[in-house]
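> There's a structure below that I have some questions on.
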Amino acid sequence: MHKLDKNQGFDAFCATAEQFATCMNDNLFVYDIINDAYFITESATERFSLPGPLFHNVTENLRDVVHPDDFAMLQADLQQLLNGEKMEHELRYRWLGKDGTPIWIVCKGRVLQNQEGKPWLMLGCINEIGQKQKADNVSGLLGASSLQERLKQLPVLPDGYVMRVGIDDFRMINERLGVDYGDAVLRQVAQCIERRLLPGQSVYRVISDEFLILDLVGGTPREIRGLYDKIRQEVERDIARRNYEAVYTISGGIVNIRDMEQADYEEIMRLSEFALGQAKRMGKNQVYLFEQEDYEAFLRSRAISRSLRKAVSSDFEGLDLYFQPLVYTQSEELYGAEALLRYRMPEGESISPAEFIPILEESGLILPVGKWIIRKAADMCRVCREKYPEFRVSINLSYIQLTKGPVFAEVMEALKETGLPPDALIMELTESGYLENSINVQKVWHRFKEAGIQIALDDFGTGYSNLQNIGRFNPDIVKIDRSFTLRALQHSYERQLLSHIINMVHSINLRIVIEGVEEKEEQQQVMLLGSDFIQGYYYSRPCSREEFLEKYLIKEVV
């Protein structure tokens, strides 16, 4: 081996590494084993929690850079190198970024020996293995990192659009036909997009089955929508050419660059993701043009969802159960109450049930919240029965509870804890399109009936009404929706229709609740129709447990 002065050799290798660093993505390093000195190219100090490009006391300084769980592994490997037990180093482990974030790296190096045959220098490179790819070999397109670099090169984005395109239900293609076929579909869609691009437009594969088209031509919304239509037609023709082996559609989300405050990579990705998601929520196989109002509604929904999740984990803080009385139509005496969920944000804003209940259902939080409601409602019924022995509480059940949760067991447990008989509780389910098609719902419903728990078909008379559901579910109670009630009170034809429905329901020994009675005149007309019970603001708005108990248990019923 050629004899070199150790210090001069170390400095020379460091200078060479620094020169090569300008044309490489890797971080080059030189480790002087004998003098315990470590040099790494400047770019690494901007990324990792290093004390600087040159430092001594290497093992101890690296302790502050390496993830604590990985340090022992690195130390053992370095000891083998120092002992001369091996000459090559290759480890995959984690360094810490400037903000303390773990970053996966692969570190490769080779040891050079001095004239005495002892380990002298280790030369090598460090690169991130968790970095996003600059290009995608599956689709043949540039990747998200290349898009990010392209945007950084533009001091100010000109007028234009971004359009995010996604393959609808792509996972099903992989599951049914295999990953290789899915990769072929990705290539086909990428080619369909490229064939339709104009000068000034470029496409990148940003994630999974999604592509982002950057349009800097400055066209109109109509023109960018036209681009989506052309790509979709190209995809349809390609599917036909392949004899419909896989039939799929694409959705697109368009964002006008002028609608962005920053127009940087992060904002483009965030808003285009929302826009594509909105197109899919609208039914897929279509395009959606970003609207700020829709995005703000989306952000509000997400904020409420986060707040609800926190509420559930904090012993349901902010959630409350209100009660609205049900009275006998003729005597106007108290029959029971419907339990109604309310929610107040930590900031004090009361959120409408029409807004937060769908969020509970979409997030799955309706399952723990539903269990909580059942227990609270049953306990309220127990207290009210001290004065009204026949008092009943009506509880609204979500379709999600019936299909994904142990709701029957939860109801039975609540009855056992409170000592209530089964008929003290009424389970309500809103009549809707999914009701009649769900075998699972029917099974749970029949278990309630067999256990002696009353069931009610809520919102009868709305758009999904189906008389077959009365026979299929055999409810104890049918609740007439306020919208139907109002039409019946205003039009003689619908009044006759409601009267016939009431007579029909009575003929099979079921009972009727008329909901939404608010005025004295409405109450008087409803009494003539022959319903069994009335519910509405005329008697009381939904009120808290304390207010309800004060009104109906402490004071005499008016």
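The values are calculated or read from the model by the stated rules, or taken from the named source; none is laboratory data. Nothing here was measured: the structure is a model prediction, and the numbers come from that model. For neighbour counting, all protein chains shown are included, and Cβ atoms are generated from backbone atoms with ideal geometry for every residue, glycine included. In case anyone asks, the SASA skips ligands and DNA or RNA and just uses the protein heavy atoms, side chains included. Shrake-Rupley method; radii C 1.70, N 1.55, O 1.52, S 1.80 Å.
> Not counting ligands, DNA or RNA, and with a 1.4 Å probe, what is Lys551's accessible surface area in Å² rounded to the nearest 10?
Roll a 1.4 Å probe over it and Lys551 shows about 80 Å².
> Counting only helical runs of four or more DSSP H residues, what would the 222 nm mean residue ellipticity of the chain come to if each run contributes -39,500 (n - 2.57) and the total is spread over all its residues?
Working: 20 runs with 243 residues, N = 558.
That comes out to -13500 deg cm²/dmol.
> To test your reading of the geometry: what angle, between 0 and 90 degrees and rounded to tens, separates the Cα axis of helix 6-21 from the longest principal axis of the chain?
The two axes meet at around 50 degrees.
> Turning to a different aspect of this structure: Just to verify a number: FRET efficiency for Glu266 and Leu91, C-beta to C-beta distance, R0 = 45 Å, to 0.05? Before the final figure, lay out each step's value.
Numbers: r = 32 Å, r/R0 = 0.71.
So the FRET efficiency works out to roughly 0.90.
> Still on this structure: Give the separation of the Cα centroids, segment 125-192 to segment 397-432, in Å.
Here the two parts' Cα centres lie 48 Å apart.
> Name the residues of segment 360-378 whose amide N is less than 17 Å from a point 7 angstrom out from the Cα of Arg342 along the C-beta direction?
373, 376-377
> Next question. With every protein chain left in place, what is the accessible area per residue of segment 470-557 in square angstrom, probe 1.4 Å?
On the way: 4520 Å² over 88 residues.
That works out to 51 Å² for each residue.
> Tilt of helix 144-153 relative to the longest C-alpha principal axis of the chain, in degrees (0 to 90, nearest 10)?
That works out to roughly 70 degrees.
> Can you list the aspartates and glutamates whose alpha carbon is less than 14 Å from that of Lys371, not counting same-chain residues fewer than 8 positions off?
List returned: Asp315, Asp320, Glu361, Asp379, Glu410, Glu413, Glu417.
> Using 0.36 nm times the number of residues separating Asn509 and Tyr328, minus their current alpha carbon distance, what extension gain do you get? Display every interim value, and only then the final one.
On the way: separation 181, 0.36 × 181 = 65.16 nm, distance 1.64 nm.
Length gained between Asn509 and Tyr328: 63.5 nm.
> Please compute the contact order of the chain in relative form: average sequence separation of alpha-carbon pairs under 8 Å and at least six residues apart, divided by the residue count, as a percent.
Numbers: 893 pairs, mean separation 43.5, N = 558.
Relative contact order, the chain: 8 percent.
> Same structure, new question: With every protein chain kept in place and ligands, DNA and RNA left out, what is the accessible area per residue of segment 52-121? Probe 1.4 Å, answer in Å².
55 Å²
> Within 10 Å of each candidate Cβ there may be at most 10 other Cβ atoms; applying that plus a DSSP loop requirement, which chymotrypsin sites (Phe, Trp or Tyr not before Pro) in segment 222-252 survive?
Taking segment 222-252 and a limit of 10 other Cβ atoms within 10 Å, the loop chymotrypsin sites (Phe, Trp or Tyr not before Pro) found are Tyr244.
> Let me ask you something else. Using the alpha-carbon atoms, what tilt in degrees (0 to 90, nearest 10) does helix 520-529 show relative to the longest principal axis of the chain?
Taking the Cα atoms of the chain, the angle to 520-529 is about 70 degrees.
> Heavy-atom accessible area per residue, segment 263-397, 1.4 Å probe: how many Å²?
47 Å²
> For a quick protection proxy, order the peptides 26-36, 309-319 by their average other-Cβ count within 10 Å, most packed first.
Highest to lowest by the protection proxy: 26-36, 309-319.
> Next question, about the same structure. Need one value: the accessible area of Met172 in square angstrom, 1.4 angstrom probe, rounded to the nearest 10.
The accessible area comes out at roughly 120 Å².
> Count charges around Ala279 for me, please; just the other residues with Cβ under 14 Å from its Cβ, Lys/Arg as +1, Asp/Glu as -1.
With Lys, Arg at +1 and Asp, Glu at -1, the neighbours total -2.
> List, in the order given, every pair from Lys387/Lys551; Lys152/Lys230; Lys449/Lys479 whose Cα-Cα distance in the structure shown is over 24 Å.
On the way: Lys387/Lys551 12 Å; Lys152/Lys230 30 Å; Lys449/Lys479 17 Å.
Long pairs (Cα-Cα over 24 Å): Lys152/Lys230.
> Shifting gears a bit: I want the local charge near Ala263. Using Cβ-Cβ distances under 14 Å, sum +1 for each Lys or Arg and -1 for each Asp or Glu among the other residues. Write down the numbers at each step before the final one.
Values: positive: Arg150, Lys152, Arg258, Arg270; negative: Asp159, Asp215, Asp259, Glu261, Asp264, Glu266, Glu267.
Charge balance in the 14 Å sphere: -3.
> Can you tell me the length gained on complete extension of the stretch Glu547 to Asn174, counting 0.36 nm per residue apart and subtracting the Cα distance?
Details: separation 373, 0.36 × 373 = 134.28 nm, distance 5.68 nm.
Length difference between fully extended and current span is 128.6 nm.
> Using 1/(1 + (r/R0)^6) with R0 = 41 angstrom and r between the beta carbons of Lys152 and Glu519, what's the FRET efficiency to the nearest 0.05?
Taking R0 as 41 Å, the efficiency between Lys152 and Glu519 is 0.05.
> How much length would be gained if the chain were fully extended between Asp183 and Ala76, taking 0.36 nm per residue of separation minus their Cα-Cα distance, in nm to one decimal?
Taking 0.36 nm per residue and subtracting the Cα distance, the gain is 34.4 nm.
> Which entry in (1) 66, 32, 21; (2) 55, 28, 19; (3) 45, 26, 22 matches semi-axes √(5λ) of the Cα gyration tensor in Å derived from the coordinates of this structure?
The value computed from this structure is option (1).
> Another question, then. Which percent of the accessible heavy-atom area of the chain goes to carbon and sulfur, probe 1.4 angstrom? If you can, show how the numbers build up before the last one.
On the way: 13720 of 28270 Å².
It is 49 percent, rounded to a whole number.
> Continuing with this model, one more query. Take every DSSP beta bridge whose two residues both sit in the chain, then give the antiparallel share in percent to the nearest 5.
70 percent
> Ranked from the most accessible area to the least, with a 1.4 Å probe and all protein chains present, what is the order of Tyr181, Tyr537?
Tyr537, Tyr181
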